[in-house]
């Protein structure tokens with residue numbers, strides 16, 4: 001592995017003037033933010049399989065993971081994850097990022113291999129599309145628009161709203177089917193319009209957890225300052241949290257912090273894809289375990305069936321022997 005002092009030498013080769021980028025790019029709240037990629041709507045984006053991403057110094061530098069906030073906005077708890085300062089901006093120690101990611105990756109794989117569910121949380125604009133894409137790709141749940149207070153601690157109420165959304169979906173589908181075949185509709189046009197608006201509103205906030213019936217086994221969160229309510233609820237329910245923490249965040253609030261730029265689109269996409277790959281790897285392990293267990297159960301069941309059939313055959317033989325004995329005793333001498 002390259003030393004920490006080589007990180008910034010390599011960055012000059014990969015990018016021309018990586019820190020002067022802060023002078024050429026527009027700033028939002030005094031933070032170096034990469035220009036957002038032009039993306040389609042999250043509902044219309046095609047999700048295609050691809051090669052697993054690799055987290056190393058080169059990929060982290062290319063994604064701009066090392067960019068931190070201005071030194072005036074730092075959190076002292078992040079001292080151990082900061083490499084240094086350049087042009088008034090903190091630079092994140094990328095070897096420490098790789099170390100923490102490797103630990104978090106093993107945890108994600110273990111949870112997924114046990115059959116646990118993962119919840120992606122990222123409601124900021126730069127994270128919404130990436131969270132939806134990667135969560136759908138790995139079959140995880142996601143919250144990408146708005147975190148409702150009590151989404152975890154008051155989940156029974158949230159589940160009722162999801163059931164209402166499913167009911168409205170069914171009603172509207174039946175009404176549309178009746179209109180196609182020329183049958184009379186049960187609801188007026190205005191009532192159908194009101195239900196359509198209600199469904200869109202519920203889908204906006206709860207669409208990503210429609211099939212979730214219990215609290216997740218692990219949460220992956222982007223920007224701990226913005227998603228502070230989600231972190232508080234997770235800690236209250238003892239749900240482990242893997243989170244991207246920037247230099248202005250408190251890493252002690254989460255169990256598995258990953259020091260990273262949490263405002264750059266490419267950095268967010270990189271870690272979302274890596275988490276999704278870890279989830280898929282864990283699910284493959286889980287399916288293999290299930291296959292081995294079923295094979296073992298079949299092998300264990302085979303001797304039992306053989307033994308039972310042998311017992312039946314022996315009982316049948318004994319019965320036939322007794323009947324033959326009785327018949328021979330009944331014959332005249």
Q) Among the numbered criteria (1) more than 29 Å from residue 239 (Cα to Cα); (2) assigned by TED's automatic domain parsing to the domain that holds residue 264, which single criterion is violated by residue 113? A) (1)
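From 226, 197, grab the single residue that is farther than 26 Å from residue 140 by Cα and at pLDDT 90 or above. Quick ask: steps written out before the conclusion?
Values: 226 fails: farther than 26 Å from residue 140 by Cα.
One residue alone meets the criteria, 197.
When you check residue 261 against the structure, is it over 20 Å from the mean Cα position of the chain (by Cα) and touching a residue at least 60 places away in the same chain (Cβ under 8 Å), yes or no? Outline the logic, then answer.
On the way: over 20 Å from the mean Cα position of the chain (by Cα): no; touching a residue at least 60 places away in the same chain (Cβ under 8 Å): yes.
In short, no.
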(Q) Considering only residues that are outside any loop (DSSP other than H, G, I, E, B), within 24 Å of residue 126 (Cα to Cα) and in contact with a helix residue (DSSP H, G or I) (Cβ under 7 Å, 6 or more places away or on another chain), which ones fall in region 60-90? (A) 60, 61, 62, 63, 78, 81, 89, 90
Q. What do you reckon, is residue 183 over 28 Å from residue 229 (Cβ atoms) and assigned to a loop (DSSP other than H, G, I, E, B)?
A. yes
(Q) Among the residues that make up region 178-198, is at least one of them under 26 Å from residue 133 (Cα atoms) and surrounded by 16 or more Cβ atoms within 10 Å (Cβ to Cβ)? (A) no
Q.
Any residue that is surrounded by fewer than 18 Cβ atoms within 10 Å (Cβ to Cβ), modelled with pLDDT of 90 or more and either part of a helix (DSSP H, G or I) or within 16 Å of the chain's Cα centre (by Cα) (or both) - is there at least one of those in region 237-246?
A. no
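The values are calculated or read from the model by the stated rules, or taken from the named source; none is laboratory data. Computed from a predicted structure; not experimentally measured. Methodologically, a virtual Cβ is constructed for each residue, glycine included, from the backbone with ideal geometry; neighbour enumeration extends over all protein chains shown.
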